[in-house]
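Trainee: I'd like to ask some things about the structure below.
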Amino acid sequence: MKKYLILAALALVAATACTKTDAPELSVTNASLKVDASGGKATFSVLSNTDWTVSFTKDTWYTLSATSGHGNGFVEITVEPYKDAGARSAAFTVEAGSLSQTVTLVQNAPAPPSEIASTEIRVPAMGGTFTADIPAGFNVTTNVYWPELLTVDKVEDGRITFTVASNPHAEKGIDAANHIYVYMSDGKTMLAQIDITQSWRNVEPGELLIEEVYFTGSPIEGSASPSTDQYIKLTNNSDHVIYADGVMFVTNYITGTITSVGAYLEYPELSDGLAVNNMYVIPGKGDEHPVAPGESLILALAAIDYTASYGDGETIIEGNPNAIDLSKADFEFYDENEIYPDTDNPDVENLEIWFKASATITSLHNRGFESYAIVIPPSGETAESILNNRHWTGTYYFHFREWNFDFDLAEEDVWVIPGEWVLDAVNCSLEDSFYQNPWPAAFDAGWTHAGEYDKDPDRFGKSVLRKSQGGKLVDTNNSTNDFTPNATPSLK
Ligand SMILES: [Ca+2]
Ligand SMILES: [Ca+2]
Ligand SMILES: [Ca+2]
């Protein structure tokens, strides 16, 4: 459109020009050009009856279609996009003989968004390198609230890359906060604020899940007792690599079932937290056991190939073709015990024992009376600190037929794991023995099972297995909904 107007103007001038004398003439139209930050084209026209030239300071942000001409003509300036704060300008001098005219070009700065862009990011205690989106189309400067804990590595158009150091408060279980402020190049006009919450832990609730517990063991042909090929499968249900170092596997202390002789234990209310008495911990300093998204860790009660014969010279246990090869497990429960020696596969790392309830060797209750959870204590916690500081005191009541007894919990091996340490929890019970869920409803509102009733011989060879949907495990914190009971073990 503009071009047509210019041509019309040129035609008008040309019609009158021939009536003038031969003295040099020079004028320009559109002497004040304005272009917005996105760049583009701007045109001025030269009205002259002779040769003319355009002189200017060369710069990278504009190019001219012509720098000289004869008679009437026009010059188109192509302008690059602009990302800095404050307008920029250039001047062009058009000369014809002794005459000269000046054309100015002003390019506006990009307009900041009406609202400061705000982003919240949660990062693990160990830190790492992360990216965040920022408004595109600006050259920016950044400012960091705690620069000793965060470095901005790279700023690209619309994206910032930064590295976070490890959380200095992680030992105490306290999240850390930091902020990146993003400004236009003037260092004053704020474009974005990135709020970084750094967790005190490397695994968040729901990221690592109990996918499966195989507590029954595989049936042995012609025997009432199964193989002891028990395992727990933990799976990374997040979209990023997580580090399982320090994750603790616990079992319940509160009984969830009424025994076959009618006995059950009644406990004081425990509204938030888990009452536990087995604590086995994945070793490592925080970055030793990466688990890729969708990948699993197998915790074997014994890392034995149960399909092949095993044992020492005196006791050989024959291989069971129904059983599972657990010799490639990621970790095993190894309990040093002189009277009942546990097996120790040298190729499979042992879990750290923070507390074990069994006087002999830990195994899973194969009738399904136990509930299971994974938790992560702050890095400053130790077996000693938990055993010394988190004992559950109170009184519980033992009901057996018409007799009632009360016991002091202070004398029992029971500790309270705070609710905020809990990553995932699974209640197990049986229809005919159900009394109460050991884990509070906030962590698991339901329960699952292998076998239909207490001592069901058909339970052997069956696990409790979390359902999956659309490539992700189901986790509504309700095992009745989330688990398939009586499932075929996934390692079979
Ligand atoms: Ca063992
Ligand atoms: Ca081992
Ligand atoms: Ca859960």
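The values are calculated or read from the model by the stated rules, or taken from the named source; none is laboratory data. It should be emphasised that the depicted structure is a prediction, and the values quoted were computed from it without experimental measurement. Here the Cβ positions follow ideal geometry from the backbone for every residue, glycine too, while neighbour counts run over all protein chains shown.
Trainee: Could you list all residues from region 379-424 that are assigned to a helix (DSSP H, G or I) and out of contact with any strand residue (DSSP E or B) (no Cβ under 8 Å at 6 or more places or on another chain)? Before you say what the answer is, go through the steps one by one.
Mentor: So the first thing to find is which residues in region 379-424 are assigned to a helix (DSSP H, G or I), and the list is 383-389, 409-411, 419-421.
Within region 379-424, Glu384, Ser385, Asn388, Asn389, Glu411, Glu420 qualify.
Trainee: Determine if region 90-97 includes at least one residue that is farther than 30 Å from Asp195 by Cβ, among the acidic types (Asp, Glu) and surrounded by 13 or more Cβ atoms within 10 Å (Cβ to Cβ).
Mentor: So the first thing to find is which residues in region 90-97 are farther than 30 Å from Asp195 by Cβ, and the list is 90-97.
Among the residues that remain, those that are also among the acidic types (Asp, Glu) are: 95.
If we keep only those that are surrounded by 13 or more Cβ atoms within 10 Å (Cβ to Cβ) as well, we get 95.
The answer is yes; a qualifying residue exists.
Trainee: Condition first: surrounded by fewer than 14 Cβ atoms within 10 Å (Cβ to Cβ) and not in a strand (DSSP E or B). Now tell me which residues in region 68-89 satisfy that.
Mentor: Matches in region 68-89: Gly86, Ala87.
Trainee: With (1) in a loop (DSSP other than H, G, I, E, B); (2) in contact with a strand residue (DSSP E or B) (Cβ under 6 Å, 6 or more places away or on another chain); (3) under 30 Å from Val247 (Cβ atoms) as the list, and Ala125 as the residue in question, which single condition is left unmet?
Mentor: (2)
Trainee: Looking at Ser358, Ser379, Ser371, can you tell me which residue is in contact with a Gly (Cβ under 8 Å, 6 or more places away or on another chain) and away from ligand 3 (no atom under 16 Å from the Cβ)?
Mentor: Ser379
Trainee: Any residue that is within 30 Å of Ser379 (Cα to Cα), surrounded by 22 or more Cβ atoms within 10 Å (Cβ to Cβ) and at pLDDT 95 or above - is there at least one of those in region 184-195?
Mentor: Taking every residue of region 184-195 in turn, at least one turns out to be within 30 Å of Ser379 (Cα to Cα), surrounded by 22 or more Cβ atoms within 10 Å (Cβ to Cβ) and at pLDDT 95 or above.
Trainee: Is there a residue in region 396-414 that is more than 16 Å from ligand 2 (Cβ to nearest atom), touching a residue at least 24 places away in the same chain (Cβ under 8 Å) and within 28 Å of the chain's Cα centre (by Cα)?
Mentor: Looking for residues that are more than 16 Å from ligand 2 (Cβ to nearest atom), touching a residue at least 24 places away in the same chain (Cβ under 8 Å) and within 28 Å of the chain's Cα centre (by Cα), one finds none in region 396-414, hence no.
Trainee: Might you check whether a residue that is surrounded by 19 or more Cβ atoms within 10 Å (Cβ to Cβ), β-branched (Val, Ile, Thr) and at pLDDT 95 or above occurs anywhere in region 151-161?
Mentor: Yes.
Trainee: Being out of contact with any Pro (no Cβ under 9 Å at 6 or more places or on another chain) and surrounded by 17 or more Cβ atoms within 10 Å (Cβ to Cβ) is the filter here; which residues of region 31-51 pass it?
Mentor: Leu33, Val35, Ala42, Phe44, Ser45, Val46, Leu47
Trainee: Go over the candidates Ile304, Ile339 one by one and state the one that is within 22 Å of Lys462 (Cβ to Cβ) and away from ligand 3 (no atom under 16 Å from the Cβ).
Mentor: Among Ile304, Ile339, only Ile304 is within 22 Å of Lys462 (Cβ to Cβ) and away from ligand 3 (no atom under 16 Å from the Cβ).
Trainee: Let me ask something additional. Here are the criteria: (1) exposed (fewer than 14 other Cβ atoms within 10 Å of the Cβ); (2) assigned to a strand (DSSP E or B). Tell me which single one Glu148 does not satisfy.
Mentor: (2)
Trainee: Scan region 347-357 for residues that are assigned to a loop (DSSP other than H, G, I, E, B), in contact (Cβ under 8 Å) with a residue 60 or more places away in the chain and either near ligand 1 (Cβ under 10 Å from one of its atoms) or surrounded by 16 or more Cβ atoms within 10 Å (Cβ to Cβ) (or both) and report the count. Steps first, please.
Mentor: Our first condition is that a residue be assigned to a loop (DSSP other than H, G, I, E, B); within region 347-357, this holds for 347-348, 351, 356-357.
Checking the rest, the ones that are also in contact (Cβ under 8 Å) with a residue 60 or more places away in the chain come to 351, 356-357.
From what is left, the residues that are either near ligand 1 (Cβ under 10 Å from one of its atoms) or surrounded by 16 or more Cβ atoms within 10 Å (Cβ to Cβ) (or both) are 351, 356.
Number of matching residues: 2.
Per-residue answers, yes or no, for (1) closer than 24 Å to Pro378 by Cβ; (2) in contact (Cβ under 8 Å) with a residue 12 or more places away in the chain:
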{"site": "Pro418", "(1), (2)": "yes, yes"}
{"site": "Asp432", "(1), (2)": "no, yes"}
{"site": "Ala442", "(1), (2)": "yes, yes"}
{"site": "Tyr453", "(1), (2)": "no, yes"}
{"site": "Ser468", "(1), (2)": "no, no"}
{"site": "Asp475", "(1), (2)": "yes, yes"}
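Trainee: Right, here's the next one. Working only within region 237-256, note down all residues that are surrounded by 23 or more Cβ atoms within 10 Å (Cβ to Cβ) and more than 23 Å from Phe333 (Cα to Cα).
Mentor: Hit for region 237-256 is Gly256, nothing else.
Trainee: Ok, one more. Would you say Gly451 is within 12 Å of ligand 3 (Cβ to nearest atom) and either under 25 Å from Ala275 (Cβ atoms) or assigned to a helix (DSSP H, G or I) (or both)?
Mentor: no
Residue-by-condition table, conditions (1) free of Cβ contacts under 8 Å to residues at least 24 places away in the same chain; (2) within 30 Å of Ser490 (Cβ to Cβ); (3) within 16 Å of ligand 1 (Cβ to nearest atom):
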| position | (1), (2), (3) |
| --- | --- |
| Asp157 | no, no, no |
| Pro168 | yes, no, no |
| Glu212 | no, yes, no |
| Gly217 | no, yes, yes |
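Trainee: Continuing with this model, one more query. Considering only region 343-377, state which residues are in contact with a strand residue (DSSP E or B) (Cβ under 9 Å, 6 or more places away or on another chain) and within 13 Å of ligand 2 (Cβ to nearest atom). Walk me through it before giving the result.
Mentor: Quick first cut of region 343-377, residues in contact with a strand residue (DSSP E or B) (Cβ under 9 Å, 6 or more places away or on another chain) only: 343-345, 348-358, 362, 364-365, 367-377.
Thr343, Asp344, Asn345, Val348, Glu349, Asn350, Leu351, Glu352, Ile353 - these are the residues of region 343-377 that are in contact with a strand residue (DSSP E or B) (Cβ under 9 Å, 6 or more places away or on another chain) and within 13 Å of ligand 2 (Cβ to nearest atom).
Trainee: Do any residues in region 325-346 that are outside the structural domain of Ala359 (by TED's automatic domain parsing) have Cβ atoms under 8 Å from those of residues that are of a type in the set (Phe, Trp, Tyr) and away from ligand 3 (no atom under 16 Å from the Cβ), where the two are at least six apart or on different chains, and which pairs are they?
Mentor: The qualifying pairs do not exist here.
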